[in-house]
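Reviewing the structure listed below.
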Amino acid sequence: METILIPDDDHQVNPLGLKGLGELGIIGVNAAIANAIFHATGQRIRRLPIRLDAFV
């Protein structure tokens, strides 16, 4: 993994002008977990957060 710094401040995002990319990598995780639950149980989960009481 390589980190590349881009010299582009964005002070509308936060006072430091920093941008985070961590959110981009986890966008599909909720959908993947919901699909895994559907394939394992046959019950479609359409609301977040996914909790155990949604299966009762």
Considering each residue of segment 37-56, count those that are of a type in the set (Val, Ile, Thr) and assigned to a helix (DSSP H, G or I), and give that number. 2
So Lys19 clears everything in (1) at pLDDT below 75; (2) in contact with a Phe, Trp or Tyr (Cβ under 9 Å, 6 or more places away or on another chain); (3) of a type outside the set (Phe, Trp, Tyr) except one condition, right? Which one? (2)
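The values are calculated or read from the model by the stated rules, or taken from the named source; none is laboratory data. Note that the structure is a prediction, hence the values are computed from the model and not measured. Note: ideal-geometry Cβ built from the backbone for every residue, glycine included; neighbour counts use all protein chains shown.
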